[in-house]
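Enquirer: Got a structure here, written out as structure tokens. Questions coming.
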Amino acid sequence: MTTLTRRALLAATTLALATPAFAQEKVIRFILPNATGSGVDAITRAAQPALAKALGHPIVVDNQPGAGGVVGLQALARSPADGFALSVVSNNVVIFPSVLKSLPFAMPDDFTPIAVVGYTPVVLVVNAKVPANNAAELVALLKQTNGELNYASGGNGTILHLATEMFLDATNTKARHIPYKGVGPMLTDLIGGQVEFATAALPSVQQHLKTGALKAIGVATAQRVPAAPEIPNFKEQGIDYQVEAWFAVVGPKGLPAAEVQRVHAAVTAAFNDPAVKETMARQGNVINILPADQAMPFFRSEMAKYAALVKKAGVEAQ
């Protein structure tokens, strides 16, 4: 071995020893089809450290909102099926086929559902200036204004859009839909008074409810939520209206079965981490992880359920 070769090997070894281990690790990208500040975003970031530990790689949360979530989902669908591109999604993904005339992917066939994790309570909120403090007062105001009030959503065809349409259908009222490119912009205008009301995931509005920037009309759950027991549900206010905003971990199409099981086990471990469980309970999220082999059947059954709900609510495909 020549002196030059020995020096080159020594330099390479020294560089390898001096390079931090994390710099050599491959990063897992969680592509979220939601804006920062959304319910799904809050859930993912709360579980991020525990997920990184369970998966054995650093995690980067990559928010790609747009077109109600289609932009982020398209990015995930185009990613390699190697376990380094994943996402946390909501009901939106199974509603899209019923409310959008064209999609750049097939749902759920262009994805690999891995774990249905649980659900997040949704709450109907109004900005502080709206003269309504409960469901009866909001319904009376909606009937009085006869469709002139504006309600916001995180995008056309999202669960938040459909949930409000279901409320309007249940109360035989009308309002004008204003879709936004994500929950963050929606909440900004809702608080600012550009729109009067919206349905939102409880974690995304808890702080605004505490400050008085928004007022809660009711939660769309079967019982009151322990994280916000002061908010009545709609059933106790005499309205037959209930929505569950579930969330799940998915990957691109073709994710190997062994990788599905590995990620499912990591998700289960992460959401059973004591710190994550405490945060989920504080946010009001209910954790109930389905087995991996039940994820795809769940997605298909939910698609059929929401197709029927979309038809009943009269939401037209766009």
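The values are calculated or read from the model by the stated rules, or taken from the named source; none is laboratory data. Since the model is a prediction, treat every value here as computed from it, not as a measurement. Ideal geometry is used to build each Cβ from the backbone, glycine not excepted, and the neighbour counts take in all protein chains shown.
Enquirer: Out of Gly39, Gly83, Gly66, report the one residue that is surrounded by fewer than 20 Cβ atoms within 10 Å (Cβ to Cβ) and of a type in the set (Gly, Ala, Ser). Before you say what the answer is, go through the steps one by one.
Expert: Details: Gly39 fails: surrounded by fewer than 20 Cβ atoms within 10 Å (Cβ to Cβ); Gly83 fails: surrounded by fewer than 20 Cβ atoms within 10 Å (Cβ to Cβ).
One residue alone meets the criteria, Gly66.
Enquirer: Let me confirm something: among Leu255, Leu187, Leu202, Leu214, which residue is touching a residue at least 60 places away in the same chain (Cβ under 8 Å), over 20 Å from the mean Cα position of the chain (by Cα) and either under 30 Å from Phe105 (Cα atoms) or not assigned by TED's automatic domain parsing to the domain that holds Gln144 (or both)? Even if it seems obvious, please write down each step before you answer.
Expert: On the way: Leu187 fails: over 20 Å from the mean Cα position of the chain (by Cα); Leu202 fails: over 20 Å from the mean Cα position of the chain (by Cα); Leu214 fails: either under 30 Å from Phe105 (Cα atoms) or not assigned by TED's automatic domain parsing to the domain that holds Gln144 (or both).
From the options Leu255, Leu187, Leu202, Leu214, the qualifying one is Leu255.
Enquirer: In addition: Just the residues that are outside any helix (DSSP H, G or I) and within 21 Å of Lys181 (Cα to Cα), please, taken from the stretch 41-68.
Expert: Pass one, the stretch 41-68, residues outside any helix (DSSP H, G or I): 56-66.
If the condition is that a residue be outside any helix (DSSP H, G or I) and within 21 Å of Lys181 (Cα to Cα), then Val61, Asp62, Asn63, Gln64, Pro65, Gly66 are the ones that fit.
Enquirer: Right, another one. So the check is Cβ under 7 Å with 6+ separation or different chains; which pairs have a first residue in the stretch 232-250 that's closer than 28 Å to Asp41 by Cα and a second one that's assigned to a strand (DSSP E or B) and among the polar types (S, T, N, Q)?
Expert: Pairs that qualify, where the first residue is closer than 28 Å to Asp41 by Cα and the partner is assigned to a strand (DSSP E or B) and among the polar types (S, T, N, Q), are Ala245/Ser90; Ala245/Thr120; Trp246/Ser90; Phe247/Ser90; Phe247/Thr120; Val250/Ser87; Val250/Thr112.
Enquirer: Restricting to the stretch 261-284, name every residue that is assigned to a loop (DSSP other than H, G, I, E, B) and buried (at least 17 other Cβ atoms within 10 Å of the Cβ). Working first, answer last.
Expert: Start the filter on the stretch 261-284 by keeping residues that are assigned to a loop (DSSP other than H, G, I, E, B), which leaves 272-273, 284.
Residues satisfying the conditions are Asp273, Gly284.
Enquirer: Hey, can you tell me all the residues within the stretch 131-154 that are surrounded by fewer than 20 Cβ atoms within 10 Å (Cβ to Cβ) and touching a residue at least 40 places away in the same chain (Cβ under 8 Å)?
Expert: Taking the stretch 131-154 first, the residues surrounded by fewer than 20 Cβ atoms within 10 Å (Cβ to Cβ) are 131-134, 136-137, 140-141, 143-148, 150.
Passing the criteria: Ala132, Asn133, Asn134, Ala136, Asn150.
Enquirer: Scan the stretch 285-294 residue by residue and report those that are touching a residue at least 12 places away in the same chain (Cβ under 8 Å) and in a helix (DSSP H, G or I).
Expert: The answer is Ala292, Gln294.
Enquirer: Pro58 passes all but one of (1) touching a residue at least 60 places away in the same chain (Cβ under 8 Å); (2) more than 19 Å from Val117 (Cβ to Cβ); (3) surrounded by fewer than 18 Cβ atoms within 10 Å (Cβ to Cβ); which number fails?
Expert: Answer for Pro58: the failing condition is (1).
Enquirer: I would also like to ask the following. Counting residues that are in contact with a Cys (Cβ under 6 Å, 6 or more places away or on another chain) and of a type in the set (Lys, Arg), which strands (runs of 3 or more DSSP E) fully inside the stretch 69-174 reach at least 3? Before you say what the answer is, go through the steps one by one.
Expert: Numbers: elements: 85-90, 111-120, 122-127, 150-153.
Per the criteria, no element qualifies.
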